[in-house]
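J.: Once you've had a glance at the structure underneath, I'll fire off some questions.
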C-alpha cells in the first residue's frame, strides 16, 4: 500500500477509535455523575471505590474495543494471516510495547504504526480522565 494510503487509512481508523473512546468517556462521566448524586455519603470509601472501579472498567473496555478494531483492520487488509496474530500485533503495537515477534510487511508499516499513535493519544485521554476523576473524588479537595 502506498505511503499516503497508509496514512489516510491509518488516520481513518485512528479517528474512529478516538471518537469511540471519547463517546465512552463522555458516557462514563454522565453515569458517574448520576452514581455520585444517588449517594448521600459521596466521600465514603465504598462509594469512591465503586466510582473508580466503574471508571477503570470503562477505560479498559474502551481500549479493548480499539485493539479489536485495529485487529479487524489488519485482517480486512490481509496484513496478518489470522485473528490471533492480528489481535496480538494490535495489542503490542497499541500499547507501544512492540515485541517485534509479529510484524507487518513493508507495505503496511506506517499503517501499523498508526495503531501506536492511536494508543498514545487515547491512553493520554484515559490518563487525563482518571486523574481528573481522582482529583474531584478525593476527600479534602479544595
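All of the numbers you see were taken from the coordinates with simple rules; none came from a lab. These numbers were taken from a predicted model, which means no experiment stands behind them. Here the Cβ is made from the backbone with ideal geometry for all residues, glycine too, and neighbour counts use every protein chain on show.
J.: I need 101, 85 ordered by Cβ neighbour count within 10 Å, fewest first. Write down the numbers at each step before the final one.
T.: Details: 101 9, 85 18.
In order of increasing Cβ crowding within 10 Å: 101, 85.
J.: Which residues does a label at residue 121 reach in the range 1-39, if reach means a backbone N under 12 Å from a point 7 Å past the Cα toward the Cβ?
T.: Of the residues in the range 1-39, 8-22 have backbone N under 12 Å from the label point off residue 121.
J.: Considering only 119, 72, 100, give the residue with the highest GNM mean-square fluctuation for the chain, with springs between Cα atoms whenever their separation is below 10 Å.
T.: Residue with maximal mean-square fluctuation among 119, 72, 100: 100.
J.: Using only Cα atoms, find the angle between the long axis of helix 109-137 and the longest principal axis of the chain, and express it within 0 to 90 degrees, rounded to the nearest 10.
T.: 0 degrees
J.: What ranking do 88, 94, 99 get, fewest neighbouring Cβ atoms within 10 angstrom at the top?
T.: 99, 88, 94
J.: Sum -39500 (n - 2.57) across every DSSP H segment of at least 4 residues in the chain, then divide by the residue count to get the 222 nm mean residue ellipticity, nearest 500.
T.: -27000 deg cm²/dmol
J.: Let me ask another. Report D for the chain in µm² per second (integer): Stokes-Einstein, Kirkwood Rh on Cα pairs, 37 °C, 0.692 mPa s. Please report the intermediate quantities before stating the final value.
T.: Values: Rh = 16.5 Å.
For these conditions, the coefficient is 199 µm²/s.
J.: Specify the residue with the greatest mean-square fluctuation among 116, 57, 86, computed from a Gaussian network of the chain linking alpha-carbon atoms under 10 Å apart.
T.: For the chain, modelled as a Gaussian network with Cα springs under 10 Å, the answer is 57.
J.: A further question follows. Using Cα pairs under 8 angstrom and six or more residues apart, how large is the relative contact order of the chain, in percent? Write out the running numbers ahead of the final one.
T.: Details: 115 pairs, mean separation 46.6, N = 142.
So the answer I get is 33 percent.
J.: Cα axis of helix 83-94 to longest principal axis of the chain: angle in degrees, 0 to 90, nearest 10?
T.: 60 degrees
J.: Under 13 Å from a point 7 Å along the Cα-to-Cβ line of residue 5: which residues of the range 61-104 have their amide N that close?
T.: 77-79
J.: Right, another one. Can you tell me the orientation of helix 45-76 relative to the chain, as the angle in degrees between its alpha-carbon axis and the longest Cα principal axis, to the nearest 10?
T.: Roughly 10 degrees between the two axes.
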